[in-house]
Amino acid sequence: MYLRLLVFCLLIWVTNVLNPNSTMKTKMKRRIDFIVIHCTATREDRRLSEEELERYHRSLGYQECGYHFYVKRDGNIVTMRDMSKPGAHVRGYNSNSVGIAYEGGLDANEDPKDTRTERQRDSLQLLVSSLRRDYPEAKVVGHRDLSPDLNGDGKITTQEWQKMCPCFDVETEL
């Protein structure tokens, strides 16, 4: 397992070093306070290509995908938006966050479910670890964790979540 993870890490690094469009080479000029994890709300028995994700975001009126990174079911990490640009993934936090979405989040009946594959879990961990090195002050949260604190107690509880995304507890897993 450790060797597989190490090889996977090396492949991601080589891919980004050799890719002239890699966002990992982009010099950031904006402050990053949050790394926000999302799901695409895709049924576990369906696939969503990065092109389909891009088209969907454009249909909502955005110029490009709102997420910076997309983690596919096979663990492939796809850059969707340049890191120097604010995202379009969580209202009120886009200017100071990085958005990561994983493919999935719904069961076959369209109910919220953590549908991440082992490869997605590994890739998310690697990507978040890399971003934490670059932005050590950034807090890693799920989209639902940025819901409004309706009762003003300083905690976002399950009753206050506006949505279930990303369908797992980011604080305990990442």
Checklist line | Close pairs (9 angstrom Cβ cut-off, 6 or more residues apart or separate chains): farther than 26 Å from residue 174 by Cβ in the range 34-62, among the acidic types (Asp, Glu) and surrounded by 12 or more Cβ atoms within 10 Å (Cβ to Cβ) anywhere | finding: 58/64
Notebook entry, point to check: If you check residue 110 against the conditions, is it in a loop (DSSP other than H, G, I, E, B), among the charged types (D, E, K, R) and closer than 18 Å to residue 167 by Cα?
Noted result: yes
Margin query: Please verify whether residue 23 is crowded, with 16+ Cβ neighbours inside 10 Å, touching an Asp or Glu at 6+ places or on another chain (Cβ under 9 Å) and modelled with pLDDT under 90, treating the condition exactly as stated.
Written below: yes
Margin query: On the basis of being modelled with pLDDT under 95, surrounded by fewer than 19 Cβ atoms within 10 Å (Cβ to Cβ), basic (Lys, Arg) and more than 13 Å from the chain's Cα centre (by Cα), does residue 119 make the cut?
Written below: no
Margin query: Tell me the residue from 81, 121 that is more than 13 Å from residue 40 (Cα to Cα), of a type outside the set (S, T, N, Q) and assigned to a helix (DSSP H, G or I), please.
Written below: 121
Notebook entry, point to check: On the given criteria, is residue 90 hydrophobic (A, V, I, L, M, F, W, C), modelled with pLDDT of 95 or more and either buried (at least 21 other Cβ atoms within 10 Å of the Cβ) or within 19 Å of residue 143 (Cβ to Cβ) (or both)?
Noted result: no
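The values are calculated or read from the model by the stated rules, or taken from the named source; none is laboratory data. These figures come from a predicted structure and were not determined experimentally. Positions of Cβ are backbone-derived with ideal geometry, glycine not excepted, and every protein chain shown enters the neighbour counts.
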